[in-house]
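Q: Can you keep this structure in mind? I'll have questions shortly.
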Amino acid sequence: MRLRNTTIMTMALSCAITFSTYSISFAEDGRCRLHDGTKVICPVRTDAELEAAADAYENEATQMAAGESGSTYGVAPFDYLTGVGKRTESTTLTEGDSGYGNKGGKTELWDRVAAPSEGESVYNQWTNNWSPTFKTTMVPGADPNEGKQWYYVYCIGCHGWGLQGDGPNAAYVEPRPRILTAGDYMNKKSNLQLFSVIKGGGEAVYLSSSMPAWGNFLQDQDIWNVVAWIRMMADTTPPATIEEYLNPKSTFTPIPGDVDALTAADSEEFLDVMEETELTLAGRGDGQLTGGQYVDGGLRKKPTEVSAKIKEGF
């Protein structure tokens, strides 16, 4: 049964402080738990890998400021800092003016297509041109394409553009950000675990507070979409070609009985965990202000609408 009074909230907040101390110790041990309670080594990058990744981001920024084409990440047309291909009509993918900097040109954003689509597809037409776009989902009721956009806004600084745990800030985070493509680890974590850590931060699953809580920034449907995006990237590796980058092959198989966007509203386990999570989020008051309520607008769709969209082929 879910609890809803101020006394319980106070007790929960007190426990949160205790759990915070415990989470630091648990995280420093360098171990994590799977959905069945098994303790495993969390997949992270080495210091040398993170230093190289930070240098690559810096080089990318330098290229952008100079208006140069190419990429320091191996996918020539793609700029990992802006999500826009580094070319114009008069240049190649690897040489010439990219349209950035003080060259006075325009990036490919302006000359990508002659007849832009209408409605919501306008936005996706631009942003998805040089990033994976999916026609299905591995989390019912959740859209990986929309989750990708939220990930690009909030997550790449630590987890990296390709979910490889190598963002420009990763070297300064303790413990190191997880490699979210590591299938032997991530595929065994439940949707509820992933959802909880995104919404409530590391402390929501008794891990480090270095992973911030996004529950005051993202609605529940947005978080489900991010979970769907992560699932589509299981065991993908840094791409060697444009084709590999645009067409990732996931190894994820849904865990039987796991909650998803369609079943969350009827899952007692999910609702209980979310109530506890809400109590730890700043600004929630005495429980009257809660997250997770659907807010219409923009590209956001309800789980049932996402399912209908997928059946129609997106």
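Residues checked against (1) touching a residue at least 60 places away in the same chain (Cβ under 8 Å); (2) hydrophobic (A, V, I, L, M, F, W, C); (3) over 16 Å from P140 (Cα atoms):
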site	(1), (2), (3)
N225	yes, no, no
A228	yes, yes, no
D235	no, no, yes
I242	yes, yes, yes
Y245	yes, no, yes
T251	yes, no, yes
P254	yes, no, no
D260	yes, no, no
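Q: Taking the condition within 18 Å of D47 (Cα to Cα) and under 12 Å from the mean Cα position of the chain (by Cα), does L194 pass?
A: Spelling it out, it is not the case that L194 is within 18 Å of D47 (Cα to Cα) and under 12 Å from the mean Cα position of the chain (by Cα).
Q: Taking region 154-168 as the search range and keeping residues that are modelled with pLDDT of 90 or more and more than 27 Å from R300 (Cβ to Cβ), which one is surrounded by the most Cβ atoms within 10 Å (Cβ to Cβ)?
A: D166
Q: Sticking with this one: Kindly indicate whether D36 is more than 27 Å from V153 (Cβ to Cβ), exposed (fewer than 13 other Cβ atoms within 10 Å of the Cβ) and at pLDDT below 75.
A: Yes: the conditions hold for D36.
Q: Within region 203-236, take every residue that is of a type in the set (V, I, T) and under 16 Å from S131 (Cβ atoms) and give me the one that is modelled with the lowest pLDDT.
A: Applying the filter and picking the extreme gives T236.
Q: Also, I was wondering about something else. Given the conditions (1) aromatic (F, W, Y); (2) over 19 Å from C158 (Cβ atoms); (3) at pLDDT 95 or above; (4) outside any loop (DSSP other than H, G, I, E, B), report the number of the one that F252 does not fulfil.
A: Answer for F252: the failing condition is (4).
Q: For region 293-306, does any single residue satisfy the condition of being surrounded by 18 or more Cβ atoms within 10 Å (Cβ to Cβ), within 22 Å of H159 (Cβ to Cβ) and at pLDDT 85 or above?
A: no
Q: Consider region 255-282. How many of its residues are out of contact with any Ser or Thr (no Cβ under 6 Å at 6 or more places or on another chain), part of a loop (DSSP other than H, G, I, E, B), closer than 27 Å to G165 by Cα and modelled with pLDDT of 90 or more?
A: Final tally of qualifying residues: 2.
Q: Please name all residue pairs, on different chains or six or more residues apart, with Cβ atoms under 9 Å, provided the first residue is in region 156-173 and is over 23 Å from I242 (Cα atoms) and the second residue is among the β-branched types (V, I, T) and surrounded by fewer than 23 Cβ atoms within 10 Å (Cβ to Cβ).
A: C158/V173; A170/V44
Q: Between a first residue in region 28-51 that is under 13 Å from Y185 (Cα atoms) and assigned to a strand (DSSP E or B) and a second residue that is polar (S, T, N, Q) and at pLDDT 85 or above, which pairs have beta carbons less than 9 Å apart while being 6 or more apart in sequence or on different chains?
A: Matching pairs, first to second residue: R33/Q193.
Q: Could you list, in sequence order, the residues of region 162-196 that are part of a helix (DSSP H, G or I) and out of contact with any Pro (no Cβ under 9 Å at 6 or more places or on another chain)?
A: The answer is A171, Y172, G183, L192, Q193, L194, F195, S196.
Q: Could you tell me whether any residue of region 219-231 is of a type in the set (S, T, N, Q) and within 22 Å of A170 (Cβ to Cβ)?
A: no
Q: Is it the case that some residue within region 135-153 is hydroxyl-bearing (S, T, Y), buried (at least 17 other Cβ atoms within 10 Å of the Cβ) and either at pLDDT below 95 or closer than 28 Å to S307 by Cβ (or both)?
A: Yes, region 135-153 contains a residue that is hydroxyl-bearing (S, T, Y), buried (at least 17 other Cβ atoms within 10 Å of the Cβ) and either at pLDDT below 95 or closer than 28 Å to S307 by Cβ (or both).
The values are calculated or read from the model by the stated rules, or taken from the named source; none is laboratory data. Quantities reported herein were computed from a predicted structural model and do not represent experimental measurements. In this analysis, Cβ positions are derived from the backbone assuming ideal geometry, glycine residues included, and neighbour counts consider all displayed protein chains.
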